[in-house]
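Shown next, in structure tokens, is the structure this report addresses.
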Amino acid sequence: MRASRKLSRASDREPRPAEEHALERRARADQLDAVHDTLAQFWEGIGALPDERWRMLFEVAVSEIAANIVEHARPAVMNVRLSAAADRMVAEFTDTGDDWEAPPEQAEILDELAERGRGMTLARTACDEVAYERVGAVNHWRLVKRL
Amino acid sequence: MPARWAGFHHIEQEDHVQIDLQQASERVTVLAPKGRLDMSSAPAFRERVRQLIEAGTSQLVVDFGEVSFVDSSGLGAVIGGLKLSRQAGGDLRIARPNQQVLLVLDLTSLNRVLQPYASLEEALAGF
């Protein structure tokens with residue numbers, strides 16, 4: 001027996017020109033591409049690389065924050081700055097998009113099959129510090145991962 | 001069976017996202033996304049799964065062999081596909097995740113729900 005499934009939610013879909021939607025999608029994809037390119041360049045510029053797992057964890061956190069910014073703040077421009085110190089690596093994001101309203105902190109995801117809401121927890125698991133503040137019209141994110 | 005596949009030719013190709021489809025057997029379809037399965041490609045992936053299930057295929061294997069990177073949105077879309085497939089009486093399995101994907105599955109504890117299979121053959125077995 002197959003129950004009827006309402007897979008398209010009319011309230012979520014506004015009629016919009018297909019072209020505009022595709023351009024927005026591309027803009028988001030381009031922004032994420034740029035973040036990944038920046039990470040690749042960053043590693044190339046570093047003499048003694050941390051091991052692969054460490055780098056993957058850093059990239060996971062950077063990507064989650066970038067995706068969060070792109071999806072929720074929806075800025076026209078997003079800046080990311082990656083820097084290395086003796087004992088840590090830092091990723092700083094600034095954007096002039098919308099304010100970010102944090103969902104309530106969850107100690108654990110109660111629904112194992114939740115499709116959304118894992119991003120921030122994942123970033124905090126992968127990095128040591130995740131900080132956000134809004135100064136004027138600018139969002140600031142700072143990620144720190146200790147070596 | 002031919003009628004089920006005819007519908008796929010009408011699917012619009014989303015920018016940046018390539019998801020190959022392969023009918024592994026009469027009942028199982030393999031989806032093979034390419035590149036990053038992340039926030040930008042997740043919607044296209046969800047849509048492809050939705051279309052497959054609407055067309056009557058609910059036994060799915062997602063081949064991660066050419067997925068370079070996954071984030072929480074990408075895995076969320078796979079979880080969404082898992083739920084849809086189970087609601088339709090089927091299931092969804094994942095195969096051939098790389099180290100990055102395994103890491104994210106581990107960090108999110110989703111490796112319990114999405115048990116990764118090392119090969120396509122293993123994932124297909126028992127379907």
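The values are calculated or read from the model by the stated rules, or taken from the named source; none is laboratory data. Here the structure is a predicted model, which means the values were calculated and not measured. Neighbour counts run over all protein chains shown; Cβ positions are idealised from the backbone, glycine included.
Selection of segment B:82-102 for residues being in contact with a Lys or Arg (Cβ under 7 Å, 6 or more places away or on another chain) and buried (at least 17 other Cβ atoms within 10 Å of the Cβ) yields B:L84, B:A88. Of all the criteria given as (1) of a type in the set (S, T, Y); (2) closer than 19 Å to A:L32 by Cβ; (3) not in a loop (DSSP other than H, G, I, E, B), the one not satisfied by B:S40 is (3). Taking the criterion of being modelled with pLDDT of 85 or more, in contact with a helix residue (DSSP H, G or I) (Cβ under 8 Å, 6 or more places away or on another chain) and closer than 28 Å to A:T38 by Cβ, the residues of segment A:85-115 that qualify are A:M89, A:A91, A:F93, A:D95, A:G97, A:D98, A:D99. Among the residues making up segment B:59-75, those that are part of a helix (DSSP H, G or I) and facing another protein chain (nearest Cβ under 9 Å) are B:S72, B:S73, B:L75. Of all residues in segment B:83-95, those satisfying the criterion of being facing chain A (nearest Cβ under 7 Å) and either within 8 Å of B:S58 (Cβ to Cβ) or hydrophobic (A, V, I, L, M, F, W, C) (or both) are B:A88, B:G89.
Residues that are within 11 Å of another protein chain (Cβ to nearest Cβ) and either hydroxyl-bearing (S, T, Y) or under 16 Å from B:L31 (Cα atoms) (or both) within segment B:102-123 comprise B:T108, B:S109, B:L114, listed in sequence order. Among the candidates B:E121, B:E47, the residue that is in a helix (DSSP H, G or I) and surrounded by fewer than 16 Cβ atoms within 10 Å (Cβ to Cβ) is uniquely B:E121. Taking the conditions exactly as written (acidic (D, E) and at pLDDT 95 or above), does A:D33 satisfy them or not? No; evaluated as a whole, the condition is false for this residue. Take segment A:31-87 and flag every residue that is among the acidic types (D, E) and part of a helix (DSSP H, G or I). Residues satisfying the conditions are A:D33, A:D37, A:E44, A:E52, A:E59, A:E64, A:E71. Just give me the residues in segment A:33-67 being in contact (Cβ under 8 Å) with a residue 60 or more places away in the chain and either away from every other protein chain (no Cβ under 12 Å) or within 14 Å of the chain's Cα centre (by Cα) (or both), in sequence order. Scanning segment A:33-67 gives A:P50, A:L57, A:F58, A:V60, A:A61, A:V62, A:E64, A:I65.
On the basis of being out of contact with any Ser or Thr (no Cβ under 7 Å at 6 or more places or on another chain) and modelled with pLDDT of 95 or more, does B:V49 make the cut? Yes; evaluated as a whole, the condition is true for this residue.
Looking at A:L122, is it assigned to a strand (DSSP E or B), buried (at least 16 other Cβ atoms within 10 Å of the Cβ) and at pLDDT 95 or above? So A:L122 fails the test. Determine if segment A:97-104 includes at least one residue that is within 14 Å of the chain's Cα centre (by Cα), within 14 Å of another protein chain (Cβ to nearest Cβ) and within 26 Å of A:E24 (Cβ to Cβ). No, there is no match, as no residue in segment A:97-104 is within 14 Å of the chain's Cα centre (by Cα), within 14 Å of another protein chain (Cβ to nearest Cβ) and within 26 Å of A:E24 (Cβ to Cβ).
Against the definition (outside any helix (DSSP H, G or I), surrounded by fewer than 23 Cβ atoms within 10 Å (Cβ to Cβ), within 14 Å of another protein chain (Cβ to nearest Cβ) and touching a helix residue (DSSP H, G or I) at 6+ places or on another chain (Cβ under 6 Å)), how does B:G56 come out, yes or no? Yes, satisfied. So is B:V78 in contact (Cβ under 8 Å) with a residue 24 or more places away in the chain, at negative phi, assigned to a helix (DSSP H, G or I) and in contact with a Gly (Cβ under 9 Å, 6 or more places away or on another chain) or not? In short, no.
Among the candidates B:A95, B:A77, the residue that is under 11 Å from the mean Cα position of the chain (by Cα) and farther than 19 Å from B:R27 by Cα is uniquely B:A77. Here is the figure for segment B:103-113: residues that are crowded, with 19+ Cβ neighbours inside 10 Å and in contact (Cβ under 8 Å) with a residue 12 or more places away in the chain total 4.
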